[in-house]
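Trainee: I have a structure here, written as structure tokens, and I will follow up with some questions on it.
Laboratory data are not the source of any read-out in this text; all were calculated from the coordinates shown. As the structure is a computational prediction, the values presented were derived from the model and not from experiment. As a convention, Cβ positions derive from the backbone with ideal geometry for all residues, glycine included, and neighbour counts pool all protein chains shown.
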């Protein structure tokens, strides 16, 4: 079987966070030289730190919270496609790219993977991708950007369009080292009661031409 490929950002104290959001911080609360037996650490962070899943409650007060989402959405066959030659990713752009049928689509955009820097600009995901992806049977979209909407967006048009078409959102994945193709994805969110999102450890492994895990 092929090796798992980590496509998640490592959580570090110097990683970039969304401007104005709670930065990630890890420290040892009780080191072993104090407890005599164990190290005990603590962390503080936004639920949208690093590689993470958005729950609908993040952008809709009536939306489901993270522990209410179907975990099957975050496990299974995924297609990685390269859209790095486009500044604006539309339904027409996606129609030009062939990928093997999968209900999870991961987009490698032109944004370089750099967890220590919050980008000044990001490629645009046009809301018109939502009905097209629904037609293709996609239930999860993953992007190697902090958001599916521009950083200065207040209406979060693409978030809402995806939500209206039953498509869940995975953000800040790392795909610079990944070739386009078919993979098995695991990106499970934590069961945080009432949570508007959750960091995830996202991993993929290749699927061969027969549809088997390679």
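Trainee: Checking the a/c ratio against 1.5 first, then a/b against b/c, what shape does the Cα gyration tensor give for the range 40-122?
Mentor: Working: a/c = 1.89, a/b = 1.33, b/c = 1.42.
In terms of gyration-tensor shape, oblate.
Trainee: A further question on this structure: For the range 7-73, with equal point scatterers placed on the C-alpha atoms only and solvent neglected, what are the log10 I(q)/I(0) values from the Debye formula at q = 0.19, 0.24, 0.29 1/Å, to two decimals?
Mentor: Calculated log10 I(q)/I(0) at the listed q: -0.88, -1.04, -1.18.
Trainee: A further question on this structure: Please find the FRET efficiency linking residue 82 to residue 35, where r is the Cβ-Cβ separation and R0 is fixed at 41 Å, and quote it to the nearest 0.05.
Mentor: After rounding, the FRET efficiency stands at 0.25.
Trainee: Taking the Cβ-Cβ separation of residue 22 and residue 208 as r and a Förster radius of 41 Å, what is the calculated FRET efficiency to the nearest 0.05?
Mentor: On the way: r = 42 Å, r/R0 = 1.02.
It comes out at approximately 0.45.
Trainee: What are the extents of the Cα atoms of the chain along their three principal axes, listed from largest to smallest and rounded to whole Å?
Mentor: Largest first, the chain extends 60, 44, 32 Å along its Cα principal axes.
Trainee: Would you mind getting the Kirkwood hydrodynamic radius of the range 116-214 from its Cα pairs, rounded to one decimal in Å? If you can, show how the numbers build up before the last one.
Mentor: On the way: mean 1/r = 0.0657 Å⁻¹.
After inverting the pairwise mean of 1/r, the radius is 15.2 Å.
Trainee: Which of the peptides 117-125, 159-167, 14-22 is most tightly packed, and how do the rest follow, going by the mean number of other Cβ atoms within 10 Å of each residue? Before the final figure, lay out each step's value.
Mentor: Numbers: 117-125: 15.1, 159-167: 19.3, 14-22: 13.0.
The densest-packed peptide leads the list: 159-167, 117-125, 14-22.
Trainee: Relative contact order, percent, of the range 5-206 when contacts are C-alpha pairs under 8 Å separated by at least 6 residues? Present the calculation step by step, with values, prior to reporting the outcome.
Mentor: Details: 452 pairs, mean separation 61.6, N = 202.
The value is 31 percent.
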